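**Student:** My structure is below; once you've seen it, I'll send some questions.
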Amino acid sequence: MLYKFKSKDAGDVIMLEANGRKVLEIIGKDAGPKGIILPEQMPAAIAALQAAIAHEESQDPDEGAVPGDGLGLRQRAMPFIDMLQRNHKGGHEVVWGV
């Protein structure tokens, strides 16, 4: 399953289920099949993602390492953070569906 995030002020952001679920959990949203992030919720969501990235990068890279492609939260979340920033500035919501 894929999460597809859509908005008026940025291109679509598509994430694999595990990555989309993690990002939604970090920002305090239910990782259901559909949802919405309102402009007034975006500053807190951006701050939560930036804090999670900082926390991940402060950890020992070998601690809790999961085999995979070597991409961290920063690489996976930056397009989404950019989407949130653009839509907050434009006053538009971000929606997602699977």
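The values are calculated or read from the model by the stated rules, or taken from the named source; none is laboratory data. All values derive from a computational prediction rather than experimental measurement. Note: ideal-geometry Cβ built from the backbone for every residue, glycine included; neighbour counts use all protein chains shown. Note: accessible area is taken over every heavy atom of the protein model, side chains too, but ligands, DNA and RNA are not part of it. Shrake-Rupley method; radii C 1.70, N 1.55, O 1.52, S 1.80 Å.
**Student:** What percentage of all Cα-Cα pairs in the chain are separated by more than 19 Å?
**Tutor:** So the pairs more than 19 Å apart make up 39 percent of the total in the chain.
**Student:** Could you work out [θ]222 nm for the chain from helices alone, using -39500 (n - 2.57) per DSSP H run of at least four and dividing by all its residues? Round to the nearest 500 deg cm²/dmol.
**Tutor:** Taking each H run of at least 4 residues, the total per residue is -15000 deg cm²/dmol.
**Student:** Further, regarding this structure: Once neighbouring chains are kept in place and the probe is 1.4 Å, which whole percent of the accessible area of region 1-63 is contributed by carbon and sulfur?
**Tutor:** The computed percentage sits at 54.
**Student:** If you place +1 on the Cβ of every Lys and Arg and -1 on the Cβ of every Asp and Glu, how big does the dipole about the Cα centre of the chain come out, in debye to the nearest 20?
**Tutor:** So the magnitude is around 520 debye.
**Student:** Towards the positive end of the charge dipole of the chain, with charges on Cβ (+1 Lys, Arg; -1 Asp, Glu), say which of PRO39, LEU16, SER58 has the farthest Cα.
**Tutor:** PRO39
**Student:** Students often get this wrong: which residues of region 1-18 have the backbone nitrogen under 16 Å from the point 7 angstrom along Cα-to-C-beta of ASP82?
**Tutor:** 5-15
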